[in-house]
1. Please find, among A:Ser368, A:Ser352, A:Ser307, the residue that is part of a helix (DSSP H, G or I), of a type outside the set (A, V, I, L, M, F, W, C) and either modelled with pLDDT under 95 or under 30 Å from A:Tyr257 (Cα atoms) (or both).
2. Would you mind finding the one in A:Gly201, A:Gly169 that is under 30 Å from B:Thr138 (Cα atoms), in contact (Cβ under 8 Å) with a residue 12 or more places away in the chain and small (Gly, Ala, Ser)?
3. Only one of (1) at the interface with chain A (Cβ under 10 Å from one of its Cβ atoms); (2) more than 30 Å from B:Thr25 (Cβ to Cβ); (3) among the aromatic types (Phe, Trp, Tyr) fails for B:Trp55. Which number is that?
4. Hey, can you tell me all the residues within the range A:220-243 that are closer than 28 Å to B:Lys73 by Cβ, within 10 Å of chain B (Cβ to nearest Cβ) and in a helix (DSSP H, G or I)?
5. What is the number of the single condition among (1) more than 14 Å from chain B (Cβ to nearest Cβ); (2) buried (at least 19 other Cβ atoms within 10 Å of the Cβ); (3) out of contact with any strand residue (DSSP E or B) (no Cβ under 9 Å at 6 or more places or on another chain) that A:Asn269 does not meet?
6. Of all the residues that make up the range A:192-211, how many are within 26 Å of the chain's Cα centre (by Cα), in a loop (DSSP other than H, G, I, E, B) and of a type outside the set (S, T, N, Q)?
7. When you look at A:Arg97, is it touching a Phe, Trp or Tyr at 6+ places or on another chain (Cβ under 7 Å), surrounded by fewer than 24 Cβ atoms within 10 Å (Cβ to Cβ) and away from chain B (no Cβ under 14 Å), yes or no?
8. Which residue, of B:Gln102, B:Gln89, B:Gln136, is more than 33 Å from the chain's Cα centre (by Cα) and free of Cβ contacts under 8 Å to residues at least 24 places away in the same chain?
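The values are calculated or read from the model by the stated rules, or taken from the named source; none is laboratory data. Model, not experiment: these values are computed from the prediction. For neighbour counting, all protein chains shown are included, and Cβ atoms are generated from backbone atoms with ideal geometry for every residue, glycine included.
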Amino acid sequence: MGQERFADVVERFTDGFGPAAPSVSPETIKQWQEELDKNYRRLRNLHTMVTNPAEPKVGQTPREEIYRKNKSRLYRYASSRRHRTPLLFVPNLGISRPYIFDLLPNGSFIEHMTREGFDFYLLDWGVFGPEDNGLTVEDCVTKILPRMARKVLETSGTEELSVLGYCMGGPVSVSFVATHPEIPVKNYINMAGPIDFSKVGLFGLWLSKEHFNVDRFVDTLGSVPADMVKAGFKLIKPTMDLSTNLNLWWNLWNDKYVEGFQALNKWANEYVAFPGEFFRQWVRDFYQDNKLYRGELVMGGRPVRLSNITCPLFVVGAKEDYIAPPECVRALVGAVGSREKEYVELPGGHISLIAGRGAALHCWPKVSSWLGPRS
Amino acid sequence: MADTTPNQFFDLWKQQLEEGTQAWTRLLSQQPPAATPPNPMNFWKPILDQGLQNWARLFAQSPASPDLMTQWKQFLDQWIEAWSKVLGQTMGTEQFAKLMGQSLDSFLVSQAPMKRALDQQVEQALQAFNLPSRSQLTAVAKQIVELEERIERLEDGVGAVLRRLNKEPT
C-alpha cells in the first residue's frame, strides 16, 4: 500500500465506479477539475482570511502634505507633470474616507490621473470630533476651500486651477466656484454630485421636512455619529451585504479578487461622522429647500448663483446611482453660464463610477481625456 | 455517486494520509539541514493535481455538471435583485418614510432626557475625581481651532502686505 500513489488509488476507485466512463467527454472532466480546483482555492483563501487576516495596504501613491487646517489636509500627489494646470479634487465630507480614490496600486483614480500627467491635489476633509460640531457647509465653502485653492495655486506656481467635485464635494465645490470669482477656476468637473435635490431619490424622501426633523436630530445628538451614517447607507440598499458576501464566496478562489475585496471592505466599513451644524445646513438648505438649484443659497454674504460659473464644465452621472441619481447630477449643465459644457452618463453606481475595474474602463479615461487638452 | 459508501471515502482519506506521511518522512530525511525550508505546495501540487483529475472524472460520471453551480449563483443573484427591488419600492413610499421619521422622532424624544441626565452624571463624577470632562476637552479643542483661524488671518494679512510691497516700484 505504501508504494501506491494516492492518484492511482482514486483512479482504481473511479474505474470500478461503473460503466458510464466512456460517455463522459474530456471537456466535462476538465470543467469538473477546474471547479474542484476553485473550491480548493476557496477553502485555502477562506482559511487565510479567518486565521491570518492581512491588513490591506491602501493609499500607496506617493504624496506630500501641503497644508492643514484643523482636521482638513491638502495633499499633492507625485506625478510626471505634463499638464500645467493643477487639479483640486474635492470629495465628500464625512460618510467615508477618501482613500477609496487611491485604493490599490494599478487600479485607482488618483494613480490614473497622476500617470496621465496631472498635478493632482486631494482635499481630505478629515475625521471630525465633537469640537467640530459647529462647522457648517458655509465654513467649508468660504473658509476651507478658498484657502486650499490658494495653496494649490501657490505650490503649483500657476495662475489657474481645475476643480473636480465628487459626491457631496460636487455641490460644496460648485458653491465655492460660484461665489469666489477672485480664484480663477479654469475647468470644473462634477462627478456624481447632486445639484437638483428635488430629484435626489430615497434620501430626498427620507430627509424631507415632512418626515425628518433635522433640528431635533442635531439638538439631541450634537452630530451624526458614524454608526448612524452607516445605518443610513446600509438601509438605502439592504441587500448590499448579502450580494457582497455571495460574490466574495463565488470569487474567493481568485487571489486578485480577494486582495481587492479586503481593501474595499476596509473602506466600506470605515464610516465617518458628520459635524452637527454641517448636517443641519446640508439637510435644510440642500435636501429640504433645494436652495442651491433654486438660486436662494447665500454663503459668506454672497449669493450662490450657478449661472456665475462660466468655465468649461464636464458633468459625469452614473446610471445606477441611487445616492445621486443621474437626473439630479445632470441639472448642473442647464444651470451654469458656461458655453462649453458636456454631460456623460456612464455605467455603474455611486462608488463604482469612480472606483474599480468598470471605472478604469469607462470613467477615468473620459475624465482625463476631457481635462487633458484643457489643462 | 449514490453507490459510494462513506467507508470508501474514509479509506481514500486514510491512504492519502499514509502516503503523505511517508513522502514527508522521505523528504525530510533527504534534505540537508542548512537548506531553505521546503515549500509543502511543491510536494503536494502534483499529487493534488492528479487527485483532482481523478475526482473530476468521478464527478463527471454523475448527471450533475459544474454549470449547475453557475446557474445556482445566477438564481441567487436574481433572487437578491428581486428582493432589492421590492425593498426599494417599499422604502420609496410615503408610508415608509413617515414610519421611519416617527420611529426616529420617538427615539430622539426618549433619548434626549436620558442623554442629558447621563451627561450630567458623568460630568459630576469626573469633577468629583478632579478629572477633565469631555465638554471641557472639547472647549479646549475649540479654542485651538479658533487660535488656528486667527493665525491664518494674520498670515493672510502679512501675505497681502508683502505682495503689495513687492508690486510697488522701489
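1. A:Ser368
2. Exactly one residue qualifies, and that residue is A:Gly169.
3. Just one mismatch for B:Trp55, condition (2).
4. A:Leu235, A:Ile236, A:Met240, A:Leu242, A:Ser243
5. (2)
6. 8
7. Yes, satisfied.
8. None of the other options fit; the residue is B:Gln136.
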